[in-house]
Every structure is written in structure tokens, then in C-alpha cells.
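Novice: My structure is below; once you've seen it, I'll send some questions.
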Protein chains: 2
Amino acid sequence: MSEPVRESTRKVVWQRVCILGVGLLGGSIGIRLLRDGLAADVVGYGRNEFRLKTAIELGAIRQGFLTVEEAARGADFVIACLPVQEIPVALSWASKSARRTAILTDVGSTKASIVKAVGAIKMSQVFVGSHPLAGSERSGVENANDSLFDNKLVVLTPTSESNPHAIELLEGFWGSLGATSLRMSPEGHDEAMSMTSHLPHVIASILAAATPERLTPLAANGWKDSTRIASGEPKLWRQILEENQSHVLHALKNFATISGQWIDALEARDFDRVEQLLKAGKRIRDVVGNRHTSS
Amino acid sequence: MSEPVRESTRKVVWQRVCILGVGLLGGSIGIRLLRDGLAADVVGYGRNEFRLKTAIELGAIRQGFLTVEEAARGADFVIACLPVQEIPVALSWASKSARRTAILTDVGSTKASIVKAVGAIKMSQVFVGSHPLAGSERSGVENANDSLFDNKLVVLTPTSESNPHAIELLEGFWGSLGATSLRMSPEGHDEAMSMTSHLPHVIASILAAATPERLTPLAANGWKDSTRIASGEPKLWRQILEENQSHVLHALKNFATISGQWIDALEARDFDRVEQLLKAGKRIRDVVGNRHTSS
């Protein structure tokens, strides 16, 4: 107790964590690792020198690099926090310079295509996909914080080829950040997310777009809650929807079917049916309640 | 300054405010009026004696009555905070016992049918419709609080027959509760609300209903924000949608048209178009930002 340095040393799990893309998620990972002394060193890759300097100033990384290969050199843990379509290529570069025993993962919102693409790369390291359910309409390392993952869920998508020990180490990684892990297949993950995350994004976007600008001063809390995620970055979401096109299309068609039932009920002035439909929605919403913390 | 009783007396605006329906909105009005000494007395009407006692204990009213006529006796301000379809009848009863010079208003989420129905009642008092944009998926006097209306908008829907002095007094009433008033026609209000409030409610309900229950553990902040209002009381919302059927139907069909554009773009794998659609939604959402306080 009188030697805090030892206490801190005891907790070190990783020698060198490499964060590829130091934005909201990557930055929050680095801040937490450094705050808790979980890594002897944390470095980052980014395209923009100025933003890497900001990340250093905010305590998210100790050093920044403008190439993936340099950033990953000697790393025993590499996590790609990039737009989904950039992840496989970045990890393939990282595998060239990271330790042969390193664990590689990512935070991408889609998993099937990433797991397939990374699986096709010849590398000595183990890769297991991660998706922390901690997104936000905000972005950038300026919004990163040490508690982003507290009480959040992280879906891990190991395959039959994944090393069991590596999966456990990855669960330990997310647990040390405050999150709880669960395992799903990459395909099962993408199908589930098409309904719980990607469809809501599309719907929020449509709802915002359907509102005439002249009426926006009348938008109150209900409208604001329902459309909040529509502020997300279109270029990032385009990629997510591209990667998960078939499931999202299916989910949107299912949504359109229920919309059609609503239109029929309203046209027929069948308000008993309207009340039934409202109850069906309320029942599912009330199951979820406010279990997780809203942020 | 040494006589706080006088200071409090100076602020009294109303002798007897009668709140018809002491739930979230009615209760919050009473708590604020009594907290700030804006009314010499505040009484309430309710159907349930137990809940009226709770309202008294929470400082929302001083006395409760089980009939509207008794509650409104001698009132110089009557505000109906009831389900929209009960408002006209309740105000017609209130007009029999309230002062001849009383101002009558309501908090209904639809206005055209209420203003029309109340306009057809023979009464000596002035009625001007109000709609405070301060709804919530919560309900009941237990959730009432003294700051519900702070920084909120209230739409007043006077008609060409409304007494200008009464409109100003009503603006003063809402101003004393912390809100800002604006004036719209009853029909213009209902059309606007079909897009900024009623459509979002329907969409949130569909989105919740479209989520398989087995996936609810994966619902994160995006899903929760987008569906929050779906927890609202189906019986209340049925009435709102019934009163505003034609505008809501029009808004929902417009939503379905944009959904169709999305389905076409996803089916064609036209992700440039997807990105355009995402940008259109983001543009409107970003206009609103987080101007009002989320609650």
C-alpha cells in the first residue's frame, strides 16, 4: 500500500497496446488503459498528425504514428477502431509488425465480412472480432472518456478456429474496461444488429428527413429522442449499411409491412386496431426499460 | 424584505386554480403554482380518491374533488389535463360552476376538434386552447415536478373570436411556469404536430414492435432513444391519433414514400444514394441539435 508503483505494475496486462484510429471508441479505450495502468504503453495510428497530438494531450495514447505498420511494431494487443471497410486492410498491415503472439481485434459494427476478410489474411497472430455496443452520434477523440464502456455489452464473434485462450484474454480486456462480453457467430451478430442498431439508424434518418425544416422549432423531446442517432456520420453509416445490406433490407421491409398495417388501420379508422398496434410496441419497449445507462 | 408573506401575496395572480386531471402535467402545474405562490388556492378534480390524496401529499393541489362541477366552483382559472376526448365535456361541466370571468384552457395534444367542440358549448367564460410541448413517456402525479415546463414551448390556439386580453393572461400563466408561448391556428397546430410529435410516436411504436423479444438484451442506446416514446399510454395515444387521423395518415404515407426510396437504394446496392439519404436526415437533425433540455 505504501508502494503505489508496485500496485500499478501488478495490474499491467499488456506491454504495448496499439489503437488503430484514435476517435471516440479508440480514444476511450486508450484513456481507460492508461488511467488504470493496464498497459505499459499505448500507441496509436492516425491519418492526421494534429489529431494524434490531441489524442496524446487527452491521455488516450503516449505516441502516435502515421502508418499502421510503425504503430503496430512490437504490440501484443492491436485493436482496429476504424470505419468498417478499412479494418481488414489495416489489420493485415498490423500483422506484419506486431508480435507473433499478439491478439488482434476490432470494434466494427458489422462482423461477418470483417471476420471473413481477416480470416483470409495469412498471419501468425490470433484475430477475434469485437463489437462494443457503445456507439454514439458523437465522434472524435474530444468526446472520448474513461467510462464509455462501463456497463456496456461487447459482442465477440469467435469462429470454430479461434483459439479459446485468446477469446478469454479478449473477454478479460473488455472486462477491464468495464464491459460485459457475450459470444455470437459473426452472421448471427449481423442479423441481430440489423434490427437493434442498423434499422433504428435508418428509421431515425427517415423521420428527420420527413420533417419540414420550418417545423423544427416545434421539435420537442419525443422528436429529439427518436431522431438523435440520425446525426451520426453518413460516411461511416454508409459503410455499415453496405456491409450488412441484405439483413438491413430485410429488416426495413419488415418495418414497411408493419407501417402498412398502421396505414390500413388509420385509413379504416379502426382505432381498436390502432390501440392493439400501440400495445404491441409498448410491450417490447417496456421489456427493455432503461436497463443500460443512457448517455 | 422582512415580511415574506407580503412578498408572496404580491405574486398571487389567481384566486382559485382548478386542475381537471392531476397527473404528470396537471400535477406539475399545481406544484409550480403553489411553490411560487402564484395562486391563492389550487384544487383538483380526479376520478380516484386515493390518487387525489397523493396529489395533495405531493403539494400539487390543496383539495381534491370527485366531480368536475364541485372542483371548478368559484375558480377563476380552469385547466383541463385529461385525455383529449374527455376535455370538451369536462370543460362544459366546469363552465357551470366556475366564475363567469374565468379563463378556461387545456393541455391537449390535439387542438382542432377540442377548440371546435368547446366553441359549440354555451358558456360565459373565455376558452383558449393550449398545448405545452412537455410530454413524456412517464405519467402520473408521482412524476410531476416543479420544473416540467421550464424552457418548454406552449402552443396557444386562439381563434378570431378569442378575447385578446384573455390570450395575454394565458401567455402570462405559461410564462409564470417557465415556458414560452407561441400562437398557431388549431388546424395549423394539428398538422405540425402530426409530423413533429404524432408520427414519431407511431414510428417509435413500429420500431419497438419490429424487434424480436429475444434480441432485446442487445438493444443499446440508439434503440432505446429511438423507441423511448413507444412506452406512452396506448389509450391516450389512441385518442390523439383518432383526433388527428387525417394529418397523421398523411405524415405516415410520406414516411412510407421515403422508406420506399431507401428500399430501392438498398436493393440496387446504390450506396451513393444511401449516403445522400443519410445526409438529408442528418441535415434536419443537426438543425435541431440539442436546443431544448432532454428529460
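The values are calculated or read from the model by the stated rules, or taken from the named source; none is laboratory data. Not measured: the values here are computed from a predicted model. When we count neighbours, we look across all protein chains shown, and the Cβ atoms used for this are built from the backbone with ideal geometry, even at glycine. These area figures cover heavy atoms from the full protein model, side chains too; ligands, DNA and RNA do not enter into them. Shrake-Rupley method; radii C 1.70, N 1.55, O 1.52, S 1.80 Å.
Novice: Using a Gaussian network model on chain A with a 10 Å cutoff between Cα atoms, which of A:L153, A:L33, A:L207 fluctuates the most?
Specialist: In the Gaussian network model the winner is A:L207.
Novice: Test of understanding: in a Gaussian network model of chain B with alpha carbons linked when under 10 Å, which of B:V89, B:V115, B:V274 would top the mean-square fluctuation ranking?
Specialist: Ranking B:V89, B:V115, B:V274 by mean-square fluctuation puts B:V274 first.
Novice: Using a 10 angstrom cutoff on alpha carbons, build the Gaussian network for chain B and name the most mobile of B:A40, B:A265, B:A117.
Specialist: Of the options given, B:A265 has the highest mean-square fluctuation.
Novice: Counting only protein heavy atoms and using a 1.4 Å probe, what share of the accessible area of chain A belongs to carbon plus sulfur, as a whole percent? Walk me through the intermediate numbers first.
Specialist: On the way: 6200 of 12270 Å².
The computed percentage sits at 51.
Novice: Then there is this: Apply the Kirkwood formula to region B:242-288: the hydrodynamic radius equals the inverse of the mean of 1/r over all pairs of different alpha-carbon atoms; give it in Å with one decimal. Let's see the in-between values first.
Specialist: Numbers: mean 1/r = 0.0827 Å⁻¹.
For region B:242-288, inverting the mean 1/r across all distinct Cα pairs yields 12.1 Å.
Novice: Taking chain A as the reference, fit the longest principal axis to its C-alpha atoms, fit the long axis of helix A:24-35 to the helix C-alpha atoms, and give the angle between the two in degrees, 0 to 90, nearest 10.
Specialist: With rounding to tens, the tilt is 40 degrees.
Novice: Tell me: how much accessible area in total is hidden between A and B, 1.4 Å probe, Å², nearest 100? Present the calculation step by step, with values, prior to reporting the outcome.
Specialist: Details: alone 16430 and 16440 Å², together 24570 Å².
Buried area between the two chains comes out at roughly 8300 Å².
Novice: Here is a follow-up. Taking each label point as 7 Å beyond Cα in the direction of the beta carbon, state the distances from A:A40 to the same residue in the other copies, shortest first, in nm.
Specialist: Going from nearest to farthest copy, the values are 8.1 nm.
Novice: To continue, here is another question. Suppose we keep just the alpha-carbon trace of region A:101-191; what are its Rg and Dmax in angstrom?
Specialist: Rg then Dmax for region A:101-191, in Å: 13.3, 38.
Novice: Given a 1.4 angstrom probe, what's the average accessible area per residue across chain B, in square angstrom?
Specialist: Here the per-residue accessible area is 42 Å².
Novice: Sticking with this structure for a sec: Enter the Cα centre distance for the pair region B:62-79 and region B:158-202, rounded to the nearest angstrom.
Specialist: 23
Novice: Given an 8 Å cut-off on Cα distances and at least 6 residues of separation, report the relative contact order of region A:127-226 as a percent.
Specialist: 25
Novice: Output wanted: per-residue J couplings in Hz (rounded whole) for region A:208-221, from phi through Karplus 6.51 cos²θ - 1.76 cosθ + 1.60, θ = phi - 60°, x for Gly and Pro.
Specialist: Values per residue, Gly and Pro as x: 5, 5, 7, 8, x, 4, 4, 9, 4, x, 8, 6, 9, 4 Hz.
Novice: Further question on the same structure: Once amide H atoms are placed 1.01 Å from N in the peptide plane, what residues at a sequence separation of 5 or more from A:Q15, or on another chain, have their amide H within under 5 Å of its amide H?
Specialist: The answer is A:A40, A:D76.
Novice: While we're looking at this one, here's another question. Just the C-alpha atoms of region A:177-256: what Rg/Rh do they give, with Rh taken as the Kirkwood radius? Walk me through the numbers before you get to the answer.
Specialist: On the way: Rg = 14.8 Å, Rh = 14.2 Å.
Result: Rg/Rh = 1.05.
Novice: Can I ask one more? Evaluate the Kirkwood expression for the hydrodynamic radius of the protein assembly as shown, namely the inverse of the mean inverse distance over all pairs of different C-alpha atoms, and round to one decimal in Å.
Specialist: It is 26.3 Å.
Novice: Can I ask one more? Can you give the Kirkwood hydrodynamic radius for region B:63-217, in Å, rounded to one decimal and based on Cα pairs? Intermediate values should be presented prior to the final figure.
Specialist: Values: mean 1/r = 0.0594 Å⁻¹.
Hydrodynamic radius (Kirkwood, Cα only) of region B:63-217 equals 16.8 Å.
Novice: To continue, here is another question. Loop-only check: which trypsin sites (Lys or Arg not before Pro) in region B:3-85 are DSSP coil with at most 14 other Cβ within 10 angstrom? List each step's numbers first, then the result.
Specialist: Numbers: sites: B:R6, B:R10, B:K11, B:R16, B:R32, B:R35, B:R47, B:R51, B:K53, B:R62, B:R73; in loops: B:R47, B:R62, B:R73.
Those satisfying the criteria are B:R47.
Novice: Within the P(r) computed for chain B, what percentage of the Cα pairs occupies the region above 25 Å? Write out the running numbers ahead of the final one.
Specialist: Numbers: 22651 of 43365 pairs.
Counting every Cα pair in chain B, those more than 25 Å apart make up 52 percent.
Novice: Any idea what the alpha-carbon Rg over 2.2 N^0.38 Å comes to for region B:1-137? Could you put the intermediate results ahead of the total?
Specialist: On the way: Rg = 14.6 Å, N = 137, 2.2 N^0.38 = 14.3 Å.
Taking the Cα Rg and dividing by 2.2 N^0.38 Å, one obtains 1.03.
Novice: Taking the label point 7 Å from Cα in the Cβ direction, how far apart in nm is A:E267 from each other copy of itself, listed shortest first?
Specialist: Label point to label point, same position, other copies: 1.9 nm.
Novice: Another question, if that's okay. With a 1.4 Å probe on protein heavy atoms only, tell me which residues of region B:234-250 lose at least 20 Å² of accessible surface in the complex relative to the chain by itself.
Specialist: Checking the loss per residue gives B:P234, B:K235, B:R238, B:L241, B:E242, B:Q245, B:L249.
Novice: Also, quick follow-up: Can you work out the Karplus-derived ³J(HN,Hα) for every residue in region B:189-202? Use 6.51 cos²θ - 1.76 cosθ + 1.60 with θ = phi - 60°, whole Hz, and x for glycine or proline.
Specialist: 4, 5, 5, 4, 5, 4, 8, 8, 9, 6, 4, x, 5, 4
Novice: Take the cross-link list B:K235/B:K279; A:K282/B:K282; A:K224/A:K253 and give me the ones stretching past 29 Å between alpha-carbons.
Specialist: Correct reply: B:K235/B:K279.
Novice: So what is the diffusion coefficient of region B:135-282 in µm² per second by Stokes-Einstein at 25 °C and 0.890 mPa s, using a Kirkwood Rh over Cα pairs?
Specialist: 133
Novice: So what are the ³J(HN,Hα) numbers for region A:244-261, from phi and the Karplus equation (6.51, -1.76, 1.60; θ = phi - 60°), rounded to whole Hz, Gly and Pro as x?
Specialist: Values per residue, Gly and Pro as x: 10, 3, 5, 5, 5, 4, 4, 5, 5, 5, 5, 4, 5, 5, 5, 4, x, 5 Hz.
Novice: Same structure, new question: Calculate the FRET efficiency for B:Q15 and A:I263 from the Cβ-Cβ distance with a Förster distance of 41 Å, rounded to the nearest 0.05.
Specialist: Computed FRET efficiency for B:Q15 and A:I263: 0.25.
Novice: Can you pull the semi-axes for region B:208-295, root of five times each eigenvalue of the Cα gyration tensor, sorted largest first, whole Å?
Specialist: 25, 19, 18
Novice: If amide hydrogens are placed 1.01 Å from N in the peptide plane, which non-local residues have theirs closer than 5 Å to the one on A:A80?
Specialist: A:L20, A:T105, A:D106, A:V107
Novice: Another question, if that's okay. Only helical DSSP H runs with n ≥ 4 go in: add -39500 (n - 2.57) per run for chain A, normalise by residue count and round the 222 nm mean residue ellipticity to 500 deg cm²/dmol.
Specialist: The helix contribution divided over chain A gives -14500 deg cm²/dmol.
Novice: Another one. Heavy-atom accessible area of B:K279 with all protein chains present, probe 1.4 Å, nearest 10 Å²?
Specialist: Here the accessible area works out near 110 Å².
Novice: Given a cut-off of under 8 Å on Cα pairs at least six residues apart, what relative contact order in percent is computed for chain A?
Specialist: Relative contact order for chain A comes out at 14 percent.
Novice: Can you list the distances in nanometres, one decimal and ascending, from the B:V12 label point to the identical position in each other copy, with the point 7 Å along Cα to Cβ?
Specialist: The projected label point of B:V12 is separated from its counterparts by 7.5 nm.
Novice: Leaving ligands, DNA and RNA out of it, work out the accessible area of B:W237 with a 1.4 Å probe and give it in Å² to the nearest 10.
Specialist: Approximately 40 Å² of B:W237 is accessible to the 1.4 Å probe.
Novice: Given a Förster distance of 22 Å, report the FRET efficiency between B:E213 and B:E233 from their Cβ-Cβ distance, rounded to the nearest 0.05.
Specialist: Efficiency, from the Cβ-Cβ distance: 0.60.
Novice: In Å and on Cα atoms, what radius of gyration and Dmax does region A:145-218 show?
Specialist: Taking only Cα atoms of region A:145-218, I get Rg and Dmax of 18.0, 57 Å.
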